[in-house]
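Accompanying notes for the structure given below.
The values are calculated or read from the model by the stated rules, or taken from the named source; none is laboratory data. On a predicted model such as this, the values are computed, not experimentally measured, just so you know. Don't worry about glycine lacking a Cβ; one is built from the backbone with ideal geometry, like all the others, and counts go over all protein chains shown. For the accessible areas, the whole protein counts, side chains as well, though only heavy atoms, and no ligand, DNA or RNA atoms are used. Shrake-Rupley method; radii C 1.70, N 1.55, O 1.52, S 1.80 Å.
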Amino acid sequence: MIGFHLGFSGDVDVDSQEAPLASTYGVNVRSDIPIVPYLVIGPFLQFGAWRPDTTPSPDRSYYVDIDLALRARIPIHADSVNFQLWSGVPIGLTFDFLGEDVESVAGMGFGWNVGVLFGGAVHFTPRFGLFTELAWQQHKISHAGDQVADLDFRLAQWSTNLGIVFRN
């Protein structure tokens, strides 16, 4: 599956100081390996661009999530199309690259993420379909400080994923 990621406004916590989080934009790619007919597991890679919603507006920072996603699904078979409904949990590692506005810490940070998602797909052919999801995700990221203490971020937001399903 290949999807467009839109994170709605949320919260960003920078060293225990909370601020609003602007919308996040990105893409994700994932694959599923069936464990049993109603349970799949697979890699979930996501790229996102985020920034606090403050004035003046800072440069966007970027993250890459490398997750393992476990999804429980319900396949629904109809005469002309097939459907799927699911809920799942992506959990994994986050690599974060700060924008140019932050100079006192290392440009690349490391952390983890966890979320919950609910979605569905419609399969027009056995090899092609469309999907949508509603998800909540939290990232916790730490950047090492060069001359000051570490800078820790917590991002939390609701998001939606819209995309295409391919089947081999």
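Some observations on this one:
- Considering only residues in region 46-93 that are of a type in the set (S, T, N, Q) and within 12 Å of residue 119 (Cβ to Cβ), the one that is most open to solvent (accessible area, probe 1.4 Å) turns out to be 87.
- Among the residues of region 130-162, those identified as open to solvent by 20 Å² or more (accessible area, probe 1.4 Å), at pLDDT 90 or above and more than 17 Å from residue 92 (Cα to Cα) are 130, 132, 134, 158, 160, 162.
- Qualifying residue in region 119-127 (condition: of a type in the set (A, V, I, L, M), modelled with pLDDT of 85 or more, over 20 Å from residue 7 (Cα atoms) and open to solvent by less than 50 Å² (accessible area, probe 1.4 Å)): yes
- Odd one out for residue 15, checked against (1) open to solvent by less than 40 Å² (accessible area, probe 1.4 Å); (2) in contact (Cβ under 8 Å) with a residue 60 or more places away in the chain: (1)
- Within region 18-29, being surrounded by fewer than 20 Cβ atoms within 10 Å (Cβ to Cβ) and modelled with pLDDT of 95 or more holds for 25, 27, 29.
- Every listed requirement among (1) at pLDDT below 90; (2) surrounded by 14 or more Cβ atoms within 10 Å (Cβ to Cβ) is met by residue 43 save one, (1).
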